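Take a look at the structure below.
The values are calculated or read from the model by the stated rules, or taken from the named source; none is laboratory data. This one's a predicted model, so the numbers in the text were calculated from it and none came from an experiment. Backbone-built Cβ (ideal geometry, glycine too); neighbour counts: all protein chains shown.
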Amino acid sequence: MGLTSAAIKGEASRLGFDLCGIAPAANLPDLQHFTEWIARGYAGEMHYLARTAAKRADVTRVLPSVRSVIVLGTLYNVDRPYSTELLDPGVARIARYARGDDYHDVLKTRLDALVAWMTGAHGAALEARAYVDTGPVQERAFAQQAGLGWTGKNTCLINPVLGSWLFLSVVLCNVDLTADEPGLDRCGTCTLCLEACPTAAFVEPWVMDARRCIAYLTIESRSPAPPDLEPAIGSHVFGCDVCQEVCPWNDRAPVSPDPAWQPRAAFDHPPLATLAALTPGQLEEAVKGSAIRRAGPDGLRRSLDVAMRNLAARGHV
Ligand code: SF4
Ligand code: SF4
């Protein structure tokens, strides 16, 4: 059997990916917007983004022989209330994607299996690169081009059936594959996400100043949050889901039965005080094999301190 788009999609589904689409390895307008976004300083301390900007703007700099970009989507939604539905400010808010196993590890194993299968089907002439989030590829731009959905005003990729609780990953390859039709914007006149953001991080629709985003402040930044933003961080200790939770396309988002994404007990809406009371050793043990490691022990401790201060300011001990 030769390597066809249909065969790749079948194998991707067998390996546990919920969505698979193919985009041509072309220059997309969104890739140029990214360069502008960096130039405006919105990436803050995420210097690795600026360092890889040239590659991100042109996928042939990542793999010179690239002809197609295979984009995979994996639903990680689980059957738990949204953070905006939790009334108790004493419950730690942890981003939905980070409560189970580290998606980098889980999905890379599946991507490697897909590439191995592709090599079997195409032979040794196959050249491919697989990335989960950390590669120099603008996955979201290619996801829209590959028909997985559209980029919402909240800057997330939204699928009309599955919503936006999706991990994106890509395989670049040197095979001319039949491409899918791009996804169409279905945000319409809605502005719910822009209005709901606790820190007013959206400069305009589709443009987020990461320096104000709670996900950046609690995960990426190595500096303390600006004092004026601290109260708005509330009980968020790792990431933020607010602009996705209010999105009508997530109202009936299906949940994934995949054991990998089910919340670990330590991160399943734990009391803030319980997390804050963990010793450094206990905290390190809890985040083993979890995406929460990315914040680093100091970052996590800093976020817990902020959340505890916010809790105290609301009259909770
Ligand atoms: S993740 Fe939270 S802080 Fe960041 S833009 Fe969305 S709502 Fe705002
Ligand atoms: S909340 Fe509304 S504007 Fe924001 S991403 Fe969802 S549909 Fe688009």
For this session: Can you tell me which residue within the stretch 244-257, out of those that are among the charged types (D, E, K, R) and in a loop (DSSP other than H, G, I, E, B), is modelled with the lowest pLDDT?
Result: 252
Problem set entry | Selection from the stretch 185-204 of residues that are of a type outside the set (D, E, K, R), more than 8 Å from ligand 2 (Cβ to nearest atom) and either surrounded by fewer than 16 Cβ atoms within 10 Å (Cβ to Cβ) or on the phi > 0 side of the Ramachandran plot (or both) | 189, 200, 203
Exercise. Does the stretch 134-157 hold any residues that are within 16 Å of ligand 1 (Cβ to nearest atom) and not in a helix (DSSP H, G or I), and which are they?
Worked result: 151, 152, 153, 154, 155, 156, 157
Exercise. If we scan the stretch 103-124, do we find a residue that is within 30 Å of residue 204 (Cβ to Cβ) and in contact with a Lys or Arg (Cβ under 9 Å, 6 or more places away or on another chain)?
Worked result: no
Exercise. For the stretch 177-184, does any single residue satisfy the condition of being in contact with a strand residue (DSSP E or B) (Cβ under 9 Å, 6 or more places away or on another chain), without any contact (Cβ under 8 Å) to a residue 60 or more places away in the chain and near ligand 1 (Cβ under 9 Å from one of its atoms)?
Worked result: no
Exercise. How many residues are outside any loop (DSSP other than H, G, I, E, B) and within 16 Å of ligand 2 (Cβ to nearest atom) if we restrict to the stretch 205-243?
Worked result: 5
Exercise. What number of residues within the stretch 187-204 are assigned to a loop (DSSP other than H, G, I, E, B) and under 20 Å from the mean Cα position of the chain (by Cα)?
Worked result: 6
Seminar exercise, completed: Cβ pairs under 8 Å, 6+ apart or interchain, first in the stretch 1-27 and modelled with pLDDT of 95 or more, second exposed (fewer than 14 other Cβ atoms within 10 Å of the Cβ) and not in a loop (DSSP other than H, G, I, E, B), ordered by first then second residue, are 20/13
For this session: Name every residue in the stretch 1-57 that is among the basic types (Lys, Arg) and outside any helix (DSSP H, G or I), in order of residue number.
Result: 40
For this session: Determine whether the stretch 45-54 contains at least one residue that is buried (at least 21 other Cβ atoms within 10 Å of the Cβ), touching a helix residue (DSSP H, G or I) at 6+ places or on another chain (Cβ under 7 Å) and touching a residue at least 60 places away in the same chain (Cβ under 8 Å).
Result: no
Exercise. Which of the residues spanning the stretch 152-174 are within 15 Å of the chain's Cα centre (by Cα) and within 16 Å of residue 133 (Cα to Cα)?
Worked result: 155, 156, 157, 164, 165, 166, 167, 168, 169, 170
Exercise. Within the stretch 293-312, how many residues turn out to be more than 21 Å from residue 97 (Cβ to Cβ) and of a type in the set (Ser, Thr, Tyr)?
Worked result: 0
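Would you point out which residue out of 278, 283 is in a helix (DSSP H, G or I), surrounded by 13 or more Cβ atoms within 10 Å (Cβ to Cβ) and more than 16 Å from ligand 2 (Cβ to nearest atom)?
None of the other options fit; the residue is 283.
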Problem set entry | Qualifying position, being closer than 19 Å to residue 85 by Cα, in contact with a helix residue (DSSP H, G or I) (Cβ under 7 Å, 6 or more places away or on another chain) and not in a loop (DSSP other than H, G, I, E, B), among 295, 266, 260, 307 | 307
